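Quick notes on the structure that follows.
All of the numbers you see were taken from the coordinates with simple rules; none came from a lab. Predicted model only: the values in this text are computed from it and were never measured. Here Cβ is always computed from backbone atoms with ideal geometry, including for glycine, and neighbour counts include all displayed protein chains.
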Amino acid sequence: MEQEPRAVRFSQTTLTELMIPSYANFGGKIHGGILLSLIDKVAYSCAARHAGTYCVTVSVDGVDFLEPVEVGDLVSLHASVNYVGRTSLVIGIRVIAENVRNGIQRHTNTSYVTMVAKGDDDKPTVVPELLLENEEDARRFLEAIKRRELKESYRDAFDNAKTRIDVQANLEKLSQQRCVIGWDKNDI
Ligand SMILES: CC(C)(COP(=O)(O)OP(=O)(O)OC[C@H]1O[C@@H](n2cnc3c(N)ncnc32)[C@H](O)[C@@H]1OP(=O)(O)O)[C@@H](O)C(=O)NCCC(=O)NCCS
């Protein structure tokens, strides 16, 4: 049965968590894995609300940790459905770290998580269409289509990179890199 479209705001979700000392690495900053886990958690909550069913993570894009997050920061992850396909959803997540003592907020990264909705039979199941209520919603949907197209062409190029490289013909490239050839190049 076709479900009613659902608005972006229907499933918008914010998760706020205090960065406690046990989340820190040996350098005293927060482990990247802690943030990844929170990103996955908030993406799941947002996707499951929209889909009204259990969802699984298929891929995570755009996770670049450009600034460290400190112990004591309050990290808020704002998640919205950016795009829906037939059974998949792309959730955009904006991560903000706040220093509670001086009130300074830093946008640490934006990630895009693709989730797939699963039915009771554990097979991908159709999700409600997304109701776009303003130009911002439409812009995010269009951007997600563009990223999807870019990713598909990138995936083809990436797969070709594995199979199409002639090592002997490309050894010169390695001489400009920080690596050392440890075998006799004339041995074939
Ligand atoms: C996600 C999964 C259900 C897809 O299975 P599948 O047999 O490829 O199913 P389909 O071909 O019907 O694809 C289902 C949807 O996933 C999308 N999809 C599949 N692979 C994808 C990928 N690498 N990136 C983005 N979307 C992808 C398809 O485009 C399709 O979307 P649509 O229905 O909106 O068009 C399956 O790969 C799976 O269960 N993976 C494990 C997920 C999991 O356990 N995650 C937690 C990891 S710890």
So, over other residues within a Cβ distance under 10 Å of Glu17, counting Lys, Arg +1 and Asp, Glu -1, the net charge is 0
Kindly express, to the nearest 10 degrees and within the range 0 to 90, the angle between helix 32-51's C-alpha long axis and the longest C-alpha principal axis of the chain.
-> 40 degrees
For the chain, size of Cβ-based charge dipole, Lys and Arg +1, Asp and Glu -1, in debye | 220 debye
Note the angle between two axes, namely the Cα long axis of helix 135-163 and the longest principal axis of the Cα atoms of the chain, as a number of degrees from 0 to 90, rounded to the nearest 10.
-> 30 degrees
Which of the lysines could a cross-linker span from Lys41 if the Cα-Cα distance has to be under 17 Å and same-chain partners fewer than 8 positions apart are dropped?
-> Lys118
Under 16 Å from the Cα of Lys29 - aspartates and glutamates, other chains or at least 8 residues apart = Glu17, Asp64, Glu67, Glu70, Asp73, Glu98
Which value at 222 nm does the chain reach when only helices count, each DSSP H run of 4 or more adding -39,500 (n - 2.57), with the total divided by all residues and rounded to the nearest 500 deg cm²/dmol?
-> -10000 deg cm²/dmol
Running Debye on region 6-134 with equal point scatterers at the Cα sites and no solvent, what base-10 log of I(q)/I(0) appears at q = 0.17, 0.22 Å⁻¹?
-> -0.83, -1.17
Quote the relative contact order of the chain in percent (integer), defining contacts as alpha-carbon pairs under 8 Å separated by 6+ residues.
-> 23 percent
How would you rank 142-155, 108-121, 167-180, highest first, on the average number of other Cβ atoms within 10 Å across their residues?
-> 108-121, 142-155, 167-180
What residues qualify as long-range amide H neighbours of Val71, i.e. H under 5 Å apart, gap of 5 or more or another chain, H built at 1.01 Å from N?
-> Ile30
Does a label point 7 Å from the Cα of Ser59, set along Cα-to-beta-carbon, have any residues of region 121-157 with amide nitrogen under 12 Å, and which are they?
-> 147-157
Which aspartates and glutamates have a Cα lying under 12 Å from the Cα of Lys185, excluding residues fewer than 8 positions away in the same chain?
-> Glu172
